[in-house]
Structure formats: structure tokens, C-alpha cells
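The values are calculated or read from the model by the stated rules, or taken from the named source; none is laboratory data. Nothing here was measured: the structure is a model prediction, and the numbers come from that model. When we count neighbours, we look across all protein chains shown, and the Cβ atoms used for this are built from the backbone with ideal geometry, even at glycine. All accessible areas refer to the heavy atoms of the entire protein, side chains included, with ligands and DNA or RNA removed. Shrake-Rupley method; radii C 1.70, N 1.55, O 1.52, S 1.80 Å.
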Amino acid sequence: MKVTVYGFGSLNYYLHKLNVPERLGGEPPYGGSAMALEFAKAGHDVTLADPHLDKVPDDIKSKLETAGVKLTSDDTEAAKGAEVAILFTPFRGGITFKIAENILPYLGEDAVICTTCTMSVLVLNSYLQNAIFMEGREDIGFSTMHPAAIPGTPQHQHYLIATNELLRKPIVTDEQIDKLKNLAIDAGKKVYLLPAELVSAVGDMGIVTTAIAFTGAIEYYRIARDVLKTKRSMTEFQIAQSLQVVSSLVAKYGLGGLIKLLNVDAMRDSLKSMILDRERQPMTVTASELLEKIGEIVPELVKEAEEFSPSEAVYMSAPSPMLVEYMEDLVGDDVLKGILRESWKKFYEGVSDRG
């Protein structure tokens with residue numbers, strides 16, 4: 001299979017900021033270059049494209065080339081005839097958008113473009129709709145080869161591949177998904193198929209938040225079922241409302257605003273009243289203990305919260321799918337899609353500017 005990986009991966013970041021060899025193990029290269037290396041070793045025709053190859057140490061370039069990886073700084077040349085194009089490329093300045101738009105005309109027939117950990121595949125697909133139409137490339141599919149770990153480390157044991165589940169309009173064919181599954185399996189990785197909209201929540205670094213929120217929801221459900229004896233519908237509504245409030249506050253006001261507006265003292269006292277069975281509520285107990293020490297854990301955020309003042313109101317209580325349904329009723333499906341597409345684009349284009 002002809003595979004092109006875009007983005008070498010920042011050696012400086014992995015080696016000197018994250019200290020990956022000491023913390024996680026493995027050895028350079030890491031990131032997109034490690035993915036290219038594994039695919040080449042599995043017998044595929046692999047090209048790695050990056051504009052800064054001149055900054056890569058010669059020994060690492062030699063390691064890649066010895067394994068059969070072709071190196072180039074020419075994105076369009078690398079795209080010619082590729083069956084799979086994997087974007088291990090950065091958020092900043094819309095770089096991923098620009099690369100995808102540039103390579104679109106050159107990809108092989110029925111090729112699939114994959115995002116990794118730096119861009120939602122749905123956002124990329126939405127952004128490229130005009131280019132797809134103009135170039136007549138409706139054959140191109142969109143999915144993910146999300147490593148859900150740092151490629152090149154022992155922790156990288158699987159790939160998350162995006163499917164059409166939960167989507168109104170398919171973005172990838174079954175045949176294209178099979179290509180990606182085979183590529184991952186050939187590289188010795190497990191494959192998890194996930195709805196496209198959920199890949200980032202499960203695979204990105206935010207999985208820490210996702211997993212804690214998930215287990216907290218399950219813990220509350222168990223207590224509501226066994227102790228509080230509340231209706232299932234009420235429990236699920238309360239979980240959805242709580243998660244929506246937190247996500248809305250973070251998205252609008254950041255963590256400083258979250259701390260200020262939720263009021264740590266109020267949360268701490270309210271949470272204590274909900275510890276009904278310490279053995280069955282380990283997450284609740286841990287959360288209570290963390291709230292007691294939040295000033296020691298994140299003093300910079302507490303200081304930020306003290307100085308925070310909301311600039312404007314935000315709609316936060318209603319679960320977002322409900323709002324989307326109401327908006328669709330009001331303005332129609334086509335208008336809503338346009339609004340969401342532009343909103344996604346703005347959000348991801350500005351994500352690196354938030355510091």
C-alpha cells in the first residue's frame with residue numbers, strides 16, 4: 001500500500017520538554033516519523049513529508065531511509081498516487097487545513113485522508129467540502145489513524161479509526177476503513193473503530209478528563225440506583241447537565257473562570273453531603289480531597305480565578321445535542337450545517353492562540 005505521512009514530529013518537544021525516553025521509553029524517532037517507520041517495516045511503500053527535514057539529525061534520517069521510508073519536503077510530490085495520507089501536522093495557523101487542501105488533487109483514486117491527534121476529522125472534512133467539489137474528488141474518504149499515544153513508545157499499541165456511526169452523511173467507505181485496519185494490523189497494532197465525533201475525546205490527551213468524567217458518571221449512577229433510588233431519567237439528566245455546565249464554562253472562560261464561577265467552597269460542602277458510602281464512592285472521596293487542597297495543587301489557577309470577571313453571558317445548562325436539534329428546527333438542516341462548519345473552523349484555527 002502506498003502511504004504518505006505528513007509531519008515528522010517535534011524531536012525537541014519529545015526529547016527535551018516531555019523527556020519521552022526517560023518517562024515512557026522507546027527511542028527516536030517519535031511521532032509521525034515513528035508511524036512511517038513502522039509502516040515501512042511492515043512492507044508498505046511509505047513517504048514522509050516535512051518542510052523541516054534539514055533540521056533532523058542525520059542518524060535518524062538514515063534510520064528511516066534504511067527501513068525504506070522516502071523523505072521529502074515536497075507535499076504534493078509525496079501525495080501522488082498515495083492510497084492513505086496521514087496528517088501528523090500541527091494546529092497552528094491552519095497548517096493542517098492548508099496541507100490537506102494542497103494534496104487533495106494528487107492523491108490516488110479512492111484514497112483516504114486521516115487525521116491523528118491534532119485535528120478533528122469532521123472539522124477537516126467540513127473545511128474541505130468546497131475543494132472536494134472543485135477538484136471533483138468525491139472519491140476521497142476521511143477517517144483517522146489516531147495513535148492515542150506517542151508513536152515510538154511502548155505505550156503505542158493501538159490505533160483509533162473513525163467510522164460513519166452517528167453521522168448523517170458518510171465520510172468514509174467500508175473499503176477505505178479496511179485499508180486503515182490492515183495498515184494498523186500490519187504494523188502490529190490493535191484496532192478500535194469509533195464514531196468519528198468521539199475519536200478525539202478518547203484518543204487525545206484530554207482522555208484523562210474523559211475517563212474521569214466517565215467513571216464519575218458511572219459512580220453517581222450506581223449511588224443513585226442503589227442508595228438514592230432516583231429515576232434513571234433524572235440521573236441521566238443530572239449527569240448531562242453537570243458535564244455540559246463544566247464544558248461550557250471551560251470553553252467560554254477557561255479554567256480560571258471555571259474555578260471562580262463554580263465556587264470551590266460551595267462544591268466542597270455540597271460534595272461532602274453526597275458521600276453516602278465511602279467504599280462505593282472512591283471517585284467522590286478523591287474529588288472531595290482534591291477540592292480541599294486545590295490552592296496547593298494549582299495556585300496559579302486559583303489566583304487567576306480571584307481576578308476573573310465574566311465579560312458576557314453564556315448558554316450552559318442545556319445539553320448541546322438538544323440545542324443543535326432546536327437550532328435545526330428553527331433554521332433548517334442546511335443552514336445549521338453551515339453554522340457548525342464555520343464554528344468548527346474558527347474554533348480549531350484559534351486553538352493554538354489561546355496560550
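Some observations on this one:
- Residues located in the stretch 75-94, provided they are open to solvent by less than 10 Å² (accessible area, probe 1.4 Å), modelled with pLDDT of 95 or more and within 22 Å of the chain's Cα centre (by Cα): V84, A85, I86, L87
- Residue-level analysis places F97 outside the set of residues that are open to solvent by 40 Å² or more (accessible area, probe 1.4 Å) and in contact with a Phe, Trp or Tyr (Cβ under 8 Å, 6 or more places away or on another chain).
- Looking at the stretch 22-101, the strands (runs of 3 or more DSSP E) lying wholly inside it that each contain 1 or more residues that are within 24 Å of G203 (Cα to Cα) sit at 45-49, 84-87.
- Note on the stretch 131-176: residues that are touching a residue at least 60 places away in the same chain (Cβ under 8 Å) and out of contact with any Pro (no Cβ under 8 Å at 6 or more places or on another chain) amount to 11.
- Applying a threshold of 6 Å to beta carbon distances and a minimum spacing of six or more residues, or different chains, the list of pairs starting in the stretch 226-244 at a residue that is surrounded by 11 or more Cβ atoms within 10 Å (Cβ to Cβ) and ending at one that is of a type in the set (F, W, Y) reads T235/Y221.
- The listed residues are N130, N164, and the only one of them that is open to solvent by 20 Å² or more (accessible area, probe 1.4 Å) and under 20 Å from the mean Cα position of the chain (by Cα) turns out to be N164.
- All of (1) open to solvent by 50 Å² or more (accessible area, probe 1.4 Å); (2) modelled with pLDDT of 95 or more hold for A266 with one exception: (1).
- Residue within the stretch 202-214 that is farther than 29 Å from V302 by Cβ and either modelled with pLDDT of 95 or more or crowded, with 16+ Cβ neighbours inside 10 Å (or both) present: yes
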